Amino acid sequence: MTTLIHNAVLIDPEAGTESPGALVLRDGVLADVLPAAPEALDRFAEVIDAQGRHLAPGLVDWGVKVSEPGERHKESFRTAGLAAAAGGVTTIVTRPDTHPAIDTPEILEFVARRASQDSPVRVLPMAALTKGREGREMTEIGFLQDAGAVAFTDADRVTEDTRVLARALTYARSLQALVVTHVQDPGLSRGAVMTSGKFASLRGLPAVSPMAERLGLQRDLSLVEMTCARFHADQVTTAAALPALAQAKDRGLDVTAGVSVHHLTLNDFDVGDYRTFFKLVPPLRQEEDREAAVEALASGLIDVLCSQHTPQDEESKRLPFEAAAAGAVGLETLLPASLRLVHGGRLSLPQLFRALSLNPSRRLGLPTGRLAKGAPADLVLFDLHAPFVLDRWTMQSKSKNTPFDGARLQGRVRGTWVAGRRVWPLPKDL
Amino acid sequence: MPFRQPHLLGIEPLHPQEIATLLDLADTYAERNRKGLPGGDALQGLTQVNMFFEPSTRTQSSFELAGRKLGADVMNMGVAASSVKKGETLIDTALTLNAMRPDLLVVRHPQSGAVDLLSQKVQNCAVLNAGDGRHEHPTQALLDALTIRRAKGRLHRLSIAICGDIAHSRVARSNILLLHKMENRIRLVAPPTLMPPGIDAFGCEVFHDMEEGLKGVDVVMMLRLQKERMDGGFVPSEREYFHRYGLDAEKLAHAAPDAIVMHPGPMNRGVEIDGTLADDINRSVIQTQVEMGVAVRMAAMDLLAQNLRAARGRAALGEA
């Protein structure tokens, strides 16, 4: 079947352009990229008029927690997949911080099977770097890679023993495996739920200095320099850590970094009167850090923008701030929330989609993230200007813990395609 | 200006005039208590529930006495011992409470913000924060303010030193907020490990040396240093702490000649304060603080009960 989407504004993050055009979708790939619709429309089985809306490569959300296995009441592959489709996310890269952790090829195969049965979007799993994410022994990196693991990480747990991490990095290097770490000094951040500063002190909450992130990053970068491994820092969120990242890149280390949309659009003051939906890992930063992270994403120093989707049920959030679970869902709000940066004049659309689609695809060795002939037909069609007030109860995610509940957002997803097949709005057979 | 709050969750939301109103009423209660007169019937027919999720003798008995003096039916729920250990969450506790229909709820909880959370979930009831984590302890700050006002004749343009474990102290936070609202100069004196980060933004002067910090102050407010923070964690040892930061006559000599000494209790004699000094009735107002505690809590509950009754009256009219 051949589909034509015309009368669209095409966002090409590779070329850095934003121009009117049309796309031809055939056999799951982009068969053609055209500056305008062809004369004869009747040779296409399906013709979609985008009505001047924006069409971009689908988002690749790196670091999504689907709570299968273990906590399916929080999120399943079905609900996470639907949330992704609704948010214009065409590939989710999952985290292994489940119960049990995804640390053996057997568990990974279970996850892959569940995902392929239930999710309307592509699911690529990351596997644990150490067994049980306990930081003592490395996992079967080779077998896990064969079973389809795209990267290795202990998610938000820091491997405290540098010797264990150094060996895992060295071993991973021999397989060209990508290692992702959570950059944070474990000692300084122990027990902390906020970033230290006036607000945390006023609220009487245990807090960590932003310097703990730099310490963690510098340690990991030193080990990367020692082992020459391929490395990605899951979230770099502070001004203090950025020079260390820049220096590592300048020296030619194989290093990239991500940041969550929450850290680019919210700050520690948003916690307000102990609002637990704003309790994140790492904690929300001060405004200067947020500004610096936005700047770093715009300049390309930070490569990847993601949601760090972390579903939590109502029970685990309805507790005093210190006791409440951390994390926020983000698949459905990743695009509209990050469009705040575009509407605010901080990023251009091609810059944004470089961080949302192109860079994560490249880093993970995926063919997605591009609007080029022959690329997978993973697309998002959205209305850049459509305003709405988010009601968390309308979200597809099983868990509704979003910090953007009641927020005014601008930019709505009108259609999502994965391998040329429309997955949002939901066709009846999915 | 009338006291408009439905709850007393902290000093932060209070207007200086509301603080003055509360202290004025507390003053009259203090006089009545001194003369041995009955407290009155402000809380007649109301149920006061004390829930202390953290052990306390002084604050709990002070609230209990204040409630009884005003005619409330007072009940102490032993939460530390019972349902919480069986895994009941704070929200379940709130639901249980709603079914019991208390009028005044006095809560202490080890986690910051827990009392705020509880106040959002209970219905038709005034909540008083008796201390939440490191956040606030408003009645302590109010009783300190009343003590200062009675000793110094005013509660503005005073120079006040708060000394000790400021980082972990809810008493310090509430006092800083209150004394700032009433336009005083605040000096914080502590080793850097016990000073909260970002404190410079609070508009206080920060000192790491007692003698310098106490120079010329009108009030010296000492804080309790908990035992578990003494052994190498935050300060090297008990004796080094007492030597450098414990209040004794020699260090106090740097303060104004008529400076008063305060402590929220319970004291660690020989750790943060010299025992003889604490008992010196010419300088120490520690006993007065305990006395003012009852009066301030009577006033707070009286005002909240008035607001509660008014709100219920409006609701009844609305229904009719």
Review point. How far, in nm, would the chain grow between B:His180 and B:Arg244 when pulled straight, counting 0.36 nm per residue and subtracting the alpha carbon separation?
Key: 20.3 nm
Review point. Where does each of B:254-260, B:309-315 land if you order them by average Cβ count within 10 Å, highest first?
Key: B:254-260, B:309-315
Review point. Which FRET efficiency value, to the nearest 0.05, do you get for B:Gln287 and A:His385 by plugging their Cβ-Cβ distance into 1/(1 + (r/R0)^6) with R0 = 51 Å?
Key: 0.15
Revision key, fill the gap. Two pseudo-spin positions, 7 Å from Cα along C-beta at A:Glu315 and at B:Leu37, lie apart in nanometres by 5.5
**Study point:** Table column - 3J(HN,Hα) (Hz), region B:282-290, Karplus curve with 6.51, -1.76, 1.60, x for Gly and Pro
**Key:** 6, 10, 7, 10, 4, 5, 4, 4, 5
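Over all directions, what mean area does the Cα convex hull of chain B project, stated in square nanometres?
The directionally averaged projection comes out at 16.9 nm².
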Check your understanding: Residues of A:202-215, mean number of Cβ from any other protein chain within 10 Å of their own Cβ, rounded to a whole number?
Key -> 4
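Given an 8 Å cut-off on Cα distances and at least 6 residues of separation, report the relative contact order of region A:58-363 as a percent. List each step's numbers first, then the result.
Details: 653 pairs, mean separation 52.1, N = 306.
Rounded, it is 17 percent for region A:58-363.
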Check your understanding: When ranked by the protection proxy of mean other Cβ atoms within 10 Å per residue, highest first, what sequence do the peptides A:79-92, A:232-245, B:210-223 form?
Key -> A:79-92, A:232-245, B:210-223
Revision key, fill the gap. DSSP beta bridges in chain B: the antiparallel percent, rounded to 5, is 5
Practice item. Within a 10 angstrom radius of each residue's Cβ in B:104-117, how many Cβ atoms of other chains show up on average? Whole number is fine. Key: 4
Practice item. Please state the charge dipole magnitude for region A:58-363, taken about the Cα centre, from unit charges on C-beta atoms (+1 on K and R, -1 on D and E), reported in debye and rounded to the nearest 20. Key: 320
Check your understanding: Tell me, what HN-Hα J-couplings in whole Hz come from the Karplus equation 6.51 cos²θ - 1.76 cosθ + 1.60 at θ = phi - 60° for each residue of region B:168-177, using x for Gly and Pro?
Key -> 9, 9, 6, 4, 4, 4, 5, 5, 4, 4
Review point. Amide H neighbours of A:Ala386 under 5 Å, counting only residues 5+ apart in sequence or on other chains, H built in-plane at 1.01 Å?
Key: A:Gly411, A:Arg412
**Study point:** Average partner coverage of A:312-319, which counts Cβ from other chains inside 10 Å
**Key:** 2
Review point. What residues qualify as long-range amide H neighbours of B:Ala167, i.e. H under 5 Å apart, gap of 5 or more or another chain, H built at 1.01 Å from N?
Key: B:Met195
Review point. Counting pairs of Cα atoms in region A:58-363, how many percent are more than 24 Å apart?
Key: 49
Study note, to complete from the structure: Any residue on another chain or 5+ positions along whose placed amide H is under 5 Å from the amide H of A:Arg422 is listed here as none
Check your understanding: For the residue pair B:Thr276 and A:Arg190, what label-to-label distance in nm results when each label sits 7 Å from Cα along the Cα-to-beta-carbon direction?
Key -> 4.1
Practice item. Normalising by the residue count of chain B, find the relative contact order in percent from Cα pairs under 8 Å and 6+ residues apart. Key: 21
Revision key, fill the gap. Out of A:Gly16, A:Gly330, A:Gly135, a Gaussian network model of chain A with alpha-carbon springs under 10 Å gives the largest mean-square fluctuation to A:Gly16
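Over all distinct alpha-carbon pairs, what is the Kirkwood Rh of region A:1-141 in angstrom?
17.3
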**Study point:** Dmax and Rg, reported as Rg then Dmax, of the protein assembly as shown (C-alpha, Å)
**Key:** 30.3, 101
Review point. Using a Gaussian network model of chain A with C-alpha springs under 10 Å, which one of A:Leu339, A:Leu349, A:Leu253 is most mobile by mean-square fluctuation?
Key: A:Leu253
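Please report, in debye to the nearest 20, how large the charge dipole of the protein assembly as shown is about its Cα centre when each Lys and Arg carries +1 at its beta carbon and each Asp and Glu carries -1 there.
I would put it at about 920 debye.
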Review point. What number, in percent, do you get for the relative contact order of region B:138-285 if the mean sequence gap of Cα pairs under 8 Å and at least 6 apart is divided by its residue count?
Key: 23
Review point. From the phi of every residue in region A:381-397, what ³J(HN,Hα) in whole Hz does the Karplus formula 6.51 cos²θ - 1.76 cosθ + 1.60 yield, where θ is phi - 60° and glycine or proline is x?
Key: 10, 9, 9, 4, 9, 4, x, 7, 9, 6, 10, 4, 6, 8, 6, 7, 4
Study note, to complete from the structure: Ranked output for segments A:210-218, B:93-101 by mean other Cβ atoms within 10 Å, highest leading, reads A:210-218, B:93-101
Check your understanding: Share of antiparallel DSSP beta bridges in the protein assembly as shown, in percent to the nearest 5?
Key -> 35
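Regarding region B:138-285, what whole-number volume in Å³ per residue does the convex hull of its Cα atoms give?
Spread over its residues, the Cα hull of region B:138-285 gives 95 Å³ apiece.
Read-outs throughout are calculated quantities, based only on the coordinates presented, and are distinct from any laboratory measurement. Note that the structure is predicted; figures quoted are calculated from it, not measured. Glycine also receives a Cβ, built like all others from the backbone with ideal geometry; neighbour counts cover every protein chain displayed.
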